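Some notes on the structure that comes next.
The values are calculated or read from the model by the stated rules, or taken from the named source; none is laboratory data. Worth saying up front: this structure is predicted, and the values here are computed from it rather than measured. When we count neighbours, we look across all protein chains shown, and the Cβ atoms used for this are built from the backbone with ideal geometry, even at glycine. Side chains included, ligands, DNA and RNA excluded: accessible areas come from the protein's heavy atoms. Shrake-Rupley method; radii C 1.70, N 1.55, O 1.52, S 1.80 Å.
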Amino acid sequence: MCGIVGYIGQREAAPIIVDGLTRLEYRGYDSAGLAVLNGKIHIRRDVGKLHNLRQRLAENPVNGTLGIGHTRWATHGVPAEHNAHPHISMNGQFVVVHNGIVENYLSLRAELTTAGVTFQSETDTEVIVQLIEQLARLGITDLTELAQCVVQQLRGAHAIVLMSKSQPDRLVALRIGNAGGIAIGIGENEYFVASDMPAILDYTDQMIFLEHRQIATITAHGYTIKTLDGDSIVPEIHVIPHDPVSAAKGEYRHFMQKEIYEQPRSITDTLGGRIDFEHGRVILPDLNLTPERAQSISRLVTVACGTSYYSALVGKFYVEQLARLHVEVDYASEFRYRDPLIDNTTALLAITQSGETVDTLAAIEEAHTKNTLVWSIVNAIGSQAMRVADGYISMNAGPEIGVASTKAFTTSIVDQYLLALYLAQLRGTVSSAQLRHYIQDAAQLPNLISEALEQEKVVQHIAEKYGDAVNFLFVGRGIQYPIALEGALKLKEISYIHAEGYPAGEMKHGPIALIDAKMPVLAIALQDSLYEKMISQIEQAKARGGRVIALATQGDKFIASRADDVIYLPPMPPLLSPVASVIPLQLLAYHSALLRGADVDQPRNLAKSVTVE
Ligand code: AGP
């Protein structure tokens with residue numbers, strides 16, 4: 001999950017690279033560095049966040065119009081200055097930044113050491129640039145040719161950008177597999193390279209995306225793209241919409257806080273243009289789906305990671321209840337290793353905010369090898385998961401910068417609701433009257449979310465009251481069970497409090513042994529068909545000295561006599577209630593993290609886009 005930025009053109013490279021890295025810092029922040037080539041290769045790097053690199057540059061500036069930079073999420077080699085990218089070859093001829101893992105780096109390192117190479121880092125990445133220099137000693141001078149040869153020796157997935165002291169007029173960038181993308185931005189006699197578009201969208205909206213096994217040679221006046229086998233490629237130039245305002249923090253303290261509060265707006269945008277209220281129909285043209293094809297599908301398999309996986313668990317209820325289609329939900333990181341039973345009567349749905357999660361992309365590849373129809377629900381416009389799917393639904397949530405996913409979670413749930421209704425339309429499993437009813441329910445969502453956000457003060461008080469907790473249990477049933485899982489993930493990933501989500505009905509099969517005064521239980525007990533069962537679970541926890549926070553429906557006075565604390569939500573359509581019931585849990589995680597002084601937007605050990613396995 002590293003961030004890569006490169007520049008070649010007429011302007012000073014360093015400021016552009018640092019600006020780009022700032023926008024990628026959420027991808028990884030164990031260290032940062034850059035190299036600029038102006039006769040010599042000048043490197044500046046530091047451990048920790050980008051402000052340390054800025055300090056280095058202020059103390060010791062570098063000038064030049066060709067450069068590459070990197071923010072690191074450590075895989076091999078501890079976070080330290082000497083392990084920070086860029087890495088330079090032993091004789092100072094070549095320099096590299098890299099996203100991915102050289103899976104056979106130990107054997108390559110041993111061979112190179114035997115050949116007399118002295119390594120300066122413990123990283124896997126350094127073998128790339130040392131291999132290139134060794135090969136150059138055999139007389140190959142062209143950087144592109146050198147890269148093509150060396151990359152054949154590397155196992156794993158890679159995104160690599162290189163510079164050569166002897167060819168100071170070019171950058172070479174290449175992509176193998178799904179270790180994060182390579183976007184090439186087209187400017188006026190200047191070109192940009194980035195692992196993620198936000199890094200360079202302020203400079204250009206014209207983007208090219210390298211695909212698997214493609215290599216680009218980029219000068220200040222143009223580019224050539226080939227396959228690693230040498231075939232020339234004429235790439236599609238994508239024009240990417242960009243709204244710099246929505247990508248900034250504005251008056252909010254953190255991106256996560258901003259993105260929590262953006263949800264009424266983002267859900268409005270998700271619904272926008274996809275519902276024909278006049279005729280009571282859902283419109284999803286980007287899915288490229290005909291009624292015949294929709295009726296030929298016998299099963300839907302949904303794959304995702306993390307928060308997106310919990311969203312998929314909610315979507316299962318929609319597609320099964322509305323489109324009467326069997327849904328199987330699987331972790332993308334498990335899916336391809338179980339030789340899944342899918343074929344051309346299956347549809348695979350990949351849910352991924354970044355569109356670059358390596359496990360989710362690999363699941364898509366697995367589906368395509370088995371002639372399975374692939375849809376994706378993605379947020380990052382132009383991302384790999386959007387481009388390789390047979391049809392997609394954009395979350396339309398706008399850039400999500402906070403590592404903890406919030407608005408992407410709720411919009412991906414709404415996208416699945418729209419997908420279920422669309423499939424129901426095409427498969428004839430709901431009447432027109434029912435369709436209108438479900439559509440009207442969706443139109444309520446922005447207001448319901450706004451009402452849920454009004455509970456922030458109550459939630460903040462609860463975060464303070466339970467601030468001493470080192471463990472937390474979240475329980476729910478039915479369509480609220482995935483929300484219990486998501487609430488637990490939010491809390492643990494930004495406050496570092498250990499939290500577990502559990503199906504409430506399973507408590508008596510073991511976890512209830514955990515209940516005592518030190519283990520707060522957040523029970524999602526809205527007035528739905530499982531309410532009575534949830535009350536029973538609350539009683540069971542209270543009988544064992546547990547402290548219970550209930551998520552309840554406004555007007556429910558009884559629950560206040562059973563739970564220690566209550567967070568009230570407005571009455572909601574049962575199917576859509578998860579979109580609002582998650583809001584207090586997002587706010588609970590946010591305030592708990594603030595109380596602990598944790599880094600809300602960039603929690604330790606995490607990155608926004610997981611592009612390594
Ligand atoms: C969610 O808060 C986490 N940041 C993480 O679980 C994330 O949802 C997961 O890595 C999947 O990311 P994606 O949606 O971009 O594929």
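Things worth noting here:
- Filter result (in contact (Cβ under 8 Å) with a residue 12 or more places away in the chain and within 30 Å of the chain's Cα centre (by Cα)) within segment 89-116: Val95, Val96, Val97, His98, Asn99, Gly100, Ile101, Val102, Glu103, Asn104, Tyr105
- Screening segment 363-384 for residues that are at pLDDT 95 or above, within 14 Å of the ligand (Cβ to nearest atom) and hydrophobic (A, V, I, L, M, F, W, C) and picking the one that is surrounded by the fewest Cβ atoms within 10 Å (Cβ to Cβ) gives Ile364.
- Failed condition for Phe277, given (1) aromatic (Phe, Trp, Tyr); (2) in contact (Cβ under 8 Å) with a residue 40 or more places away in the chain; (3) surrounded by 13 or more Cβ atoms within 10 Å (Cβ to Cβ): (3)
- Residue ID - farthest from the chain's Cα centre (by Cα), chosen from residues in segment 263-274 that are buried (at least 19 other Cβ atoms within 10 Å of the Cβ) and either free of Cβ contacts under 8 Å to residues at least 12 places away in the same chain or under 30 Å from Ile342 (Cα atoms) (or both): Arg274
Residues checked against (1) in a loop (DSSP other than H, G, I, E, B); (2) closer than 26 Å to Phe335 by Cα; (3) in contact (Cβ under 8 Å) with a residue 12 or more places away in the chain:
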| residue | (1), (2), (3) |
| --- | --- |
| Ala397 | yes, no, yes |
| Ile401 | yes, no, yes |
| Thr410 | no, yes, yes |
| Ser450 | no, no, yes |
| Val458 | no, no, yes |
| Gly467 | yes, no, yes |
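- Checked across segment 409-426, the condition of being over 14 Å from Ala323 (Cα atoms), open to solvent by 10 Å² or more (accessible area, probe 1.4 Å) and within 16 Å of the ligand (Cβ to nearest atom) holds for no residue.
- Subset of segment 579-599 (residues that are among the polar types (S, T, N, Q) and within 21 Å of the chain's Cα centre (by Cα)): Gln586
- Of all residues in segment 11-65, those being small (Gly, Ala, Ser), farther than 21 Å from Tyr191 by Cα and part of a strand (DSSP E or B) number 2.
- Test: residue in segment 570-579 that is out of contact with any strand residue (DSSP E or B) (no Cβ under 8 Å at 6 or more places or on another chain), β-branched (Val, Ile, Thr) and modelled with pLDDT of 95 or more: yes
- Thr611 being within 16 Å of the ligand (Cβ to nearest atom) and polar (S, T, N, Q): yes
- Residues in segment 577-608 that are within 20 Å of Phe474 (Cα to Cα) and within 11 Å of the ligand (Cβ to nearest atom): Gln586, Ala589.
- Figure legend. Inter-residue proximity from segment 287-307: first residues under 18 Å from Ser412 (Cβ atoms) and open to solvent by 30 Å² or more (accessible area, probe 1.4 Å), second residues of a type in the set (Gly, Ala, Ser) and within 16 Å of the ligand (Cβ to nearest atom), beta-carbon distance below 8 Å, spacing 6+ or different chains. Indicated pairs: Cys305/Ala332; Cys305/Ser333; Gly306/Ser405.
- Qualifying residue in segment 300-309 (condition: in contact with a strand residue (DSSP E or B) (Cβ under 8 Å, 6 or more places away or on another chain) and away from the ligand (no atom under 15 Å from the Cβ)): yes
- For segment 463-474, filtered to residues that are of a type outside the set (Gly, Ala, Ser) and within 29 Å of the chain's Cα centre (by Cα), the residue that is farthest from Lys518 (Cα to Cα) is Phe474.
- Matching residues in segment 483-499 - criterion: being away from the ligand (no atom under 13 Å from the Cβ), under 22 Å from Ala541 (Cα atoms) and in contact (Cβ under 8 Å) with a residue 60 or more places away in the chain: Ile483, Ile497
- Matching residues in segment 470-510 - criterion: being of a type in the set (Gly, Ala, Ser) and in contact with a helix residue (DSSP H, G or I) (Cβ under 9 Å, 6 or more places away or on another chain): Gly476, Gly478, Ala484, Gly487, Ala488, Ser495, Ala499, Gly501, Ala504, Gly505
- Some residue of segment 344-358 being open to solvent by 40 Å² or more (accessible area, probe 1.4 Å), without any contact (Cβ under 8 Å) to a residue 60 or more places away in the chain and not polar (S, T, N, Q): no
- The residues on offer are Glu103, Glu59, Glu25, and the sole one that is open to solvent by 10 Å² or more (accessible area, probe 1.4 Å) and in contact with a strand residue (DSSP E or B) (Cβ under 6 Å, 6 or more places away or on another chain) is Glu25.
- Residues located in segment 318-356, provided they are in contact with a Gly (Cβ under 8 Å, 6 or more places away or on another chain) and either more than 15 Å from the ligand (Cβ to nearest atom) or over 26 Å from Thr611 (Cβ atoms) (or both): Val327
- For segment 202-247, the set of residues classified as in a loop (DSSP other than H, G, I, E, B), surrounded by 19 or more Cβ atoms within 10 Å (Cβ to Cβ) and free of Cβ contacts under 8 Å to residues at least 60 places away in the same chain consists of Thr204, Leu210, listed by residue number.
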